[in-house]
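The values are calculated or read from the model by the stated rules, or taken from the named source; none is laboratory data. Nothing here was measured: the structure is a model prediction, and the numbers come from that model. Ideal geometry is used to build each Cβ from the backbone, glycine not excepted, and the neighbour counts take in all protein chains shown. Areas reflect the complete protein model, heavy atoms only, side chains present, ligands, DNA and RNA absent. Shrake-Rupley method; radii C 1.70, N 1.55, O 1.52, S 1.80 Å.
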Amino acid sequence: MTGNGKRIGITGADGFLGWHLRCLLKSSGLPEPRLVTERDFESTESIQKALGPVDVVVHLAGMNRGPDSEVFATNTRLARQLVSALERGGLAPTILFANSIHSLQESPFGRSKREAARVLSDWAAAHGTRWVNVILPHLFGEGGRPYYNSCFATFCHQLAKRETPQIHEDRELELIHAQRVAESFLDLLAEHPIEGDFRVKGTAMRVSEALQRLMEIASTYQAGIIPGIADPLALEFFNTYRSYLFPDQVPTSLPIKSDTRGSLFEAVKTMHGGQAFLSTTHPGLTRGRHYHRQKVERFLVISGQAEIRIRRLLEDRVHVFTVTGEAPCYIDIPTLHAHEIANIGSGELVTFFWSHELFNPAHPDTFTEPVLGTP
């Protein structure tokens, strides 16, 4: 249910935008919605069972790529299956449909989204219920599938693998982070006068410019420097790129420079500042157990032995990294991942923490969440 008591269901809940919307609902303190995943579309009955009695359906399920005929057939079929399930359950909920700016064009994908919108719109009109056709620009963000969701996801994947991305068509994009789109849906879930078409605006940019920005971010970060992220879009680019480095390229070892005076290593190199602090943790105790939506945060053990445990939101798998002060390495915590650091040694644990921004108690971007156990 939402804050105003509305029970909501999400189709395509196991997809890219579905995960981002569920993460936002979670960080907003709202209950988990009813989830309709790909396997539920095997039958009208299974869709109805997965939805249950809902007041709002956010229809995100769809097919982005594939043979033209299959894309068209799939997207229209999903819309028809949804309204059949609503009919079967005797429901007439508000429907928010994740449409695309491609629906304004004549590609097979665009025609399929336009036809799906017509099916949903006709059904809503016939049942006297609210309908919003949410027209989305090009999405990017953490968790996008390379070679499927977008060229942006593919570029990030390739750069993380130290591959050289290729541009097949240098077209104009209108980019928006998936969390911003999720915020638009959350606004529409509340009492809202908007019906019919609702256009979500992004940032205009050519494919070549987006790739150039990502390449600059990658080269800077690979050199051990946090790039400039004062601009919100730059921060979203950076958080998206570095999500493709986790977990395979974590932690990052630091070179130690030694001479007759002793040794040193560079903990954080950044173009913009931020906040750094040291903490001590007694044996057997744990810090953290929270997640962030946007904050860039670095953990670096100075002395002692620790486990850093990280779990992607809404999933069960926990990645565990054992780190010590004797072998300096850092872990940059991915956004939308719950994390904690535990002292597993016999002595005091000393840890260096850094975040890209000063802590703001009014907007802490810190949400309590256990790492171990059932999410």
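Here's the picture: charge each Lys and Arg Cβ at +1 and each Asp and Glu Cβ at -1 in the chain, and of 33, 109, 364 the one pushed furthest to the positive end of that dipole is 33.
Per residue, the accessible area of the stretch 239-338 comes to 49 Å², computed with a 1.4 Å probe over protein heavy atoms only. Projecting the Cα positions of 151, 222, 283 onto the charge dipole of the chain (unit charges on Cβ atoms of Lys, Arg, Asp and Glu, taken about the Cα centre) puts 283 furthest along the positive direction.
For the stretch 1-160, a crude dipole built from +1 on the beta carbon of Lys and Arg and -1 on the beta carbon of Asp and Glu, taken about the Cα centre, is about 260 debye to the nearest 20.
Quick one: angle between helix 16-27 and the longest Cα principal axis of the chain, in degrees between 0 and 90, rounded to 10, please. Taking the Cα atoms of the chain, the angle to 16-27 is about 70 degrees. Each Cα pair under 8 Å and six or more residues apart adds its sequence gap; the mean of these over the residue count of the stretch 46-139 is a relative contact order of 32 percent. The length gained on full extension between residue 317 and residue 254, counted as 0.36 nm times the residue separation minus their Cα-Cα distance, comes to 20.0 nm. If you take every DSSP beta bridge fully contained in the chain, what fraction is antiparallel? Give it as a percent rounded to 5. Expressed as a percentage, antiparallel bridges in the chain total about 65. Based on the Kirkwood radius over alpha-carbon pairs, what value in µm²/s does the Stokes-Einstein equation return for the translational diffusion coefficient of the chain at 4 °C and 1.567 mPa s? Stokes-Einstein gives a translational diffusion coefficient of 58 µm²/s.
Any chance you could tell me what percent of the C-alpha pair distances in the stretch 164-306 go past 20 Å? Across the stretch 164-306, Cα pairs with separations above 20 Å total 65 percent. The base-10 log of I(q)/I(0) for the stretch 266-332, evaluated at q = 0.17, 0.19, 0.22 Å⁻¹, reads -0.75, -0.93, -1.19 [Debye formula, identical scatterers on Cα atoms, solvent excluded]. Computing the accessible area with a 1.4 Å probe over protein heavy atoms, can you report the carbon and sulfur percentage for the chain? About 50 percent, which is the carbon plus sulfur part of the accessible surface.
Peptides 252-264, 236-248 ranked from most to least packed give 236-248, 252-264, packing being the mean of other C-beta atoms within 10 angstrom over each peptide's residues.
Seen against the Cα atoms of the chain and their longest principal axis, helix 108-127 is set at about 60 degrees. Ranked by the mean number of other Cβ atoms within 10 Å of their residues, highest first, the peptides 330-337, 45-52 come out as 330-337, 45-52. Charge dipole (Cα centre; +1 on Lys/Arg Cβ, -1 on Asp/Glu Cβ; no other charges) of the stretch 89-174 amounts to roughly 240 debye. Going down the list 49/295; 26/161; 49/201; 113/295; 6/113, which pairs span over 29 Å between their C-alpha atoms? Beyond 29 Å: 49/295; 26/161; 49/201; 113/295.
Taking a ≥ b ≥ c as the square roots of the eigenvalues of the Cα gyration tensor, the stretch 227-375 is classed as oblate, since a/c reaches at least 1.5 and a/b does not exceed b/c.
Between residue 125 and residue 148, the FRET efficiency from the beta-carbon distance, with R0 = 25 Å, is close to 0.15.
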